[in-house]
1. Using a 1.4 Å probe, how large is the accessible area of ASP166, given in Å² and rounded to the nearest 10?
2. With a 1.4 Å probe and all protein chains in place, put HIS132, HIS146, HIS168 in order of accessible area, largest first.
3. What is the Cα convex hull volume of region 160-238 when expressed per residue in Å³?
4. Could you give me the percent of Cα pairs per 5 Å distance bin for region 73-205, shortest bin first, beginning at zero and ending with the bin that holds the maximum distance?
5. May I ask you to rank ARG96, ARG305 by accessible area, largest first, using a 1.4 Å probe over the protein chains only?
6. Residue by residue through region 102-116, which ³J(HN,Hα) values in whole Hz follow from phi under the Karplus form 6.51 cos²θ - 1.76 cosθ + 1.60 (θ = phi - 60°), with glycine and proline marked x?
7. What's log10 of I(q)/I(0) for region 198-308 at q = 0.12, 0.15, 0.17 Å⁻¹, Debye sum over Cα points only, no solvent?
8. Under 20 Å Cα-Cα from LYS264, which lysines qualify once same-chain neighbours fewer than 8 residues away are excluded?
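The values are calculated or read from the model by the stated rules, or taken from the named source; none is laboratory data. Remember, it's a predicted structure, so these values are computed and weren't measured experimentally. When the accessible area is computed, the model is the full protein with side chains, heavy atoms only, and any ligands, DNA or RNA have been set aside. Shrake-Rupley method; radii C 1.70, N 1.55, O 1.52, S 1.80 Å.
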Amino acid sequence: MKILSAHNLAATALAAALLLTGCSSLPSAESAAAALPHLASNGGAAVTMLNTLPVKGKAAKTGYTRAQFGQAWKDVDRNGCDTRNDVLKRDFTGTRFSDAKKCAVTSGMLKDPYTAKSIRWVKGGNTVDIDHVVALGQAWVAGAQHLSLTQRTALANDPLNLLAVDAHANRAKGDREASAWLPANKAFRCVYVATQIAVKKKYALSVTSPEKAMMLQMLKPCPKQGVPKVIPIKPAGTSAVHAAPKPAPKPPVAVKPVIKPAVKPAPLAKVSPGAFCSTNGAKGIGKSNGKTYTCKKSSTDTRLRWRV
């Protein structure tokens, strides 16, 4: 990624100020902003991209923590320097380092885009912060809860979403969106809003109705304000792609019926026709003739005998 220098920021601020006072001898704020390597206009107009963002209410902030956005200042570009030092090196002038690799920034001068102040920073001081242009808490309620941890880590360490700024201004901003906070430096507001739009487009985040209205209002003086070309990601959070797929239900196992072998009835006892018997209803076979007899009474004899 190309460096966004303090000199370019200062030129943008000056051009915007001259435009507002009616001076036309220098390039317009729009053309100056479009010339910034950090916000090249190869992604088209900011207004056009803004109109492609989904408009939704804020989601609940339930579950949000800084840890949801992975390791802070991770070396995502694998250049051997952490993201914080990369941004300081990009945004400072007169930068000094404590290592030969030029990773550990020890001091530098910042032309703060949020206040237009020049700030001399020395390591250990608290005058400069690295701001997430789209704050992480704001990103969470705008859809980042549907991103995977890897995607949220990329968002938190993306140079497009990071600026070295005045610490007091950054802390006053907190995690508020454009409808609730804008930089005091009016000359930087077009670039600021365009950056938020590009970040939200890249990470599939939404805007609220008041947020979009404010962005449109801020872009009116700079209708040609450009945005970088970004490739929107496909959210892959635990509620979507990374959820463990439920196994397909197994087809029911066909249970073969158990066929019990036919039980042959016990052979009937051999009986003598007319002889006494003891179990009413019992059956027997005549010893001599093979006929079936029943142990029963008759209409004239109440005693049980083998009868036909």
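1. Its accessible surface works out to 10 Å², give or take rounding.
2. Working: HIS132 25, HIS146 90, HIS168 145 Å².
Sorted descending by solvent-accessible area, the residues read HIS168, HIS146, HIS132.
3. It comes to 115 Å³ per residue, whole-number rounded.
4. 2, 11, 20, 22, 20, 15, 9, 3, 0
5. On the way: ARG96 155, ARG305 45 Å².
The residues order as ARG96, ARG305, largest area first.
6. 6, 10, 8, 6, 10, 6, x, 10, 10, 8, 5, x, 7, 10, 6
7. Reported log10 I(q)/I(0), two decimals: -0.74, -0.87, -0.96.
8. LYS283, LYS291
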